[in-house]
Amino acid sequence: MELIKEIAKDKLVIMVTHNPELAKTYSTRIVEFKDGNLISDSNPISKTEENQSNYELKKTSMNFFAALKLSLSNIITKKGRTLLTAFASSIGIIGIALILSLSNGFDIQIDKFEKDTLCQMPIVISEQAMNVSEEDMMNMMGETTEEKSYPDEQVIYPQTTMKDMIHVNNITKEYKEYIDSINPDWIGGISYMRATKLNVLSKVGETTKLLNADNMFFPLPEQIDSSRTDTIIEDNFELIYGKMPENKEDLLLLIDTKNKLDSTIFEVLGYTVEDTISFEEIVGKEFKVVLNDDLYKNMGNFFVMNTNYDELYSNENCVTLKVSGIIRGKEGNKFAEYSGNGFTYKEELMTYLIEKNSNSAVVKEQREKDYNVLTGEKFDLTSEEGTKVKDNILSYLGDDTTPALIQVYPKNFDTKAELLKYLDKYNEGKSDDDKILYTDYAETITTLSGGIMDAITIVLIAFSAISLVVSSIMIAIITYISVLERTKEIGILRAIGARKKDITRVFNAETFIIGICSGLIGIGIARLLLEPINIVLKNLTDLDNVAQMNPMHAIVLIIISVVLILLGGFIPAKMAAKKDPVNALRTE
């Protein structure tokens, strides 16, 4: 009654009672009724006052801010319990925030790795490429597709095999010219691998050997624009001894980041695996490339290889190759770290050798014959396979300038997109057989890495989400306990004019405050934990600042916290609103 008297100072309060003593004690005006008729009025209104009155009757209401203020007052009286509740509810938020921070950080690291390193991995165009559809990829990875197991239809469907996924690229001179026309600003370099055999001789002491050059010598990526340097080399490798190649006879020796070299190359240089080689000993090392007319000798209808390697080594027609410098991957460059090792040669060398060997006697003879002039094997020129075998032999002998494999190195991440569009444009309007497909290893790596990371993130978030559900249930229980504790308060609020929805609003406001606190505590603790987590990950993975919280994730998690806790407290709030005010007031 004292509360109602306080409210009546600036509000009109009408009390209906059968207790005259109560009316006399608290009322400022008493109007008595009997059998529906007015008996008396302690302070009647005059006609003048009645005419002048502009009073409008309004419905009682409690807005959300008033409910928020009332709930805040109640929460302040039990700060300890509220903080513990908010902390317990924040555990799920902490878990999800940390997982999202790690996932976000790894995505940034992958993106950075792709931009700084993987974008410079070559786009490979070879004689064969994989043509894998999204459905095939899902099947290979064991993921579910729309195809159902144990179908009812009495039909048999074809199953895609690895053979069906292999696409044969017909790399023609026209396509090479198309590649040569790539905008030089898009690429760091291009290298062409040809089927032509490099007949390299190496002299160690008194012994001369014919090397298996395919495993030791590879082309140096070069810019199409001859006025520019080989940026792919400069960007990823450093010259640690000697000088960069100046002409077609110069070679570079590529060693790994630990200054190691393949043991096979050690033997070629005349050393054993127990030895070490000084840079000075390697730079200046010579090799000889033998031309066809000196290597292959005519013996009637066939050609045989000249095995007098000492004589060949001294032949003045040989091209003398010399190691001009040693390169090694730059520190911190992952692309360079995973590169192989061996000798690199300039494109000019292969162009020169093909020009010489294409006019050799063995090549001219092979063009005319329907059998292999080296082995005597007959070609079935009536079939496509037989013609292809002959073409391969001619390519091996140096009669074909068409590359067997092209490696295009994007200049950077931004230009790579333009480069891929250019390569795709070639296939527009062509049949499947005439299309040239490429392999983008960088995209494959990032797709697999990203897919694995997304899968791990989803699993971990699912586990953390369980704690959020538990938190919601806990909030429902705590809100229900609060309803029981505040039954009399509910009765008073109803007695002084609060509606059922106002009571619901009061308890919803309370859970809203707890939800906000829970979210802020969860994000705050997760943010504090990022620093020690990053220190641990730095020691384990050597990666800096892996865990990075996305501000948008933080905002979304706070909203999720509020929504879940509001849902958890919704039913108890409705129960509170349905309590009978008379019975509620009698509760002690």
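Pick from 245, 219: which is surrounded by 20 or more Cβ atoms within 10 Å (Cβ to Cβ), under 30 Å from residue 375 (Cβ atoms) and at pLDDT 80 or above?
From the options 245, 219, the qualifying one is 219.
Listed residues 581, 572; which is surrounded by fewer than 19 Cβ atoms within 10 Å (Cβ to Cβ) and either in the same structural domain as residue 98 (by TED's automatic domain parsing) or more than 23 Å from residue 76 (Cα to Cα) (or both)?
Checking each option against the conditions leaves just 581.
Here is a list: 550, 539. Which entry is touching a helix residue (DSSP H, G or I) at 6+ places or on another chain (Cβ under 8 Å), in the same structural domain as residue 77 (by TED's automatic domain parsing) and of a type outside the set (A, V, I, L, M, F, W, C)?
The conditions single out 550.
All but one of (1) more than 21 Å from residue 325 (Cβ to Cβ); (2) out of contact with any Ser or Thr (no Cβ under 6 Å at 6 or more places or on another chain) hold for residue 251; state the number of the condition that does not hold.
Among (1) more than 21 Å from residue 325 (Cβ to Cβ); (2) out of contact with any Ser or Thr (no Cβ under 6 Å at 6 or more places or on another chain), the lone unmet condition for residue 251 is (1).
I'd like the full set of residues that are touching a helix residue (DSSP H, G or I) at 6+ places or on another chain (Cβ under 7 Å) and charged (D, E, K, R), limited to region 368-395.
Once the filter is applied, which keeps residues that are touching a helix residue (DSSP H, G or I) at 6+ places or on another chain (Cβ under 7 Å) and charged (D, E, K, R), region 368-395 yields only 380.
With 314, 226 as the choices, which residue is surrounded by fewer than 16 Cβ atoms within 10 Å (Cβ to Cβ) and either modelled with pLDDT of 90 or more or touching a helix residue (DSSP H, G or I) at 6+ places or on another chain (Cβ under 7 Å) (or both)? Full working, then the answer.
On the way: 226 fails: either modelled with pLDDT of 90 or more or touching a helix residue (DSSP H, G or I) at 6+ places or on another chain (Cβ under 7 Å) (or both).
Residue meeting the stated conditions: 314.
Restricting attention to region 532-553, and to residues there that are of a type in the set (Val, Ile, Thr) and modelled with pLDDT under 85, which single residue is farthest from residue 93 (Cα to Cα)?
Restricting to residues being of a type in the set (Val, Ile, Thr) and modelled with pLDDT under 85, the top hit is 541.
I need every pair where a residue in region 349-378 that is within 12 Å of residue 401 (Cα to Cα) has its Cβ under 6 Å from the Cβ of a residue that is surrounded by fewer than 18 Cβ atoms within 10 Å (Cβ to Cβ) and of a type outside the set (Asp, Glu), sequence separation at least 6 or different chains.
Short answer, once both residue conditions are applied: 352/248; 354/401.
Residue 260 - would you say it is within 21 Å of residue 220 (Cα to Cα), charged (D, E, K, R) and surrounded by fewer than 20 Cβ atoms within 10 Å (Cβ to Cβ)? Step through it out loud before you land on a result.
Details: within 21 Å of residue 220 (Cα to Cα): yes; charged (D, E, K, R): yes; surrounded by fewer than 20 Cβ atoms within 10 Å (Cβ to Cβ): yes.
The answer is yes for residue 260.
Just one of 258, 297, 288 is charged (D, E, K, R), within 23 Å of residue 242 (Cα to Cα) and at pLDDT 90 or above; which is it?
None of the other options fit; the residue is 288.
Just wondering, is there one or more residues in region 206-216 that are under 30 Å from residue 425 (Cβ atoms) and either more than 35 Å from the chain's Cα centre (by Cα) or of a type outside the set (Gly, Ala, Ser) (or both)?
For region 206-216, residues under 30 Å from residue 425 (Cβ atoms) and either more than 35 Å from the chain's Cα centre (by Cα) or of a type outside the set (Gly, Ala, Ser) (or both): absent.
Quick one: residue 585 ticks every box in (1) of a type outside the set (Val, Ile, Thr); (2) within 26 Å of residue 6 (Cβ to Cβ); (3) out of contact with any Gly (no Cβ under 7 Å at 6 or more places or on another chain) bar one, so which box is it?
(3)
For every residue, the table says whether it meets (1) modelled with pLDDT of 70 or more; (2) touching a Lys or Arg at 6+ places or on another chain (Cβ under 8 Å); (3) not basic (Lys, Arg).
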| residue | (1), (2), (3) |
| --- | --- |
| 88 | yes, no, yes |
| 107 | yes, no, yes |
| 114 | no, no, yes |
| 140 | no, no, yes |
| 176 | yes, no, no |
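Select, from 563, 506, 546, 582, the only residue that is assigned to a helix (DSSP H, G or I) and closer than 30 Å to residue 105 by Cβ.
Details: 506 fails: closer than 30 Å to residue 105 by Cβ; 546 fails: assigned to a helix (DSSP H, G or I); 582 fails: closer than 30 Å to residue 105 by Cβ.
So the residue among 563, 506, 546, 582 that is assigned to a helix (DSSP H, G or I) and closer than 30 Å to residue 105 by Cβ is 563.
The values are calculated or read from the model by the stated rules, or taken from the named source; none is laboratory data. Here the structure is a predicted model, which means the values were calculated and not measured. Please note: Cβ atoms are built from the backbone with ideal geometry, for glycine as well, and neighbour counts cover all protein chains shown.
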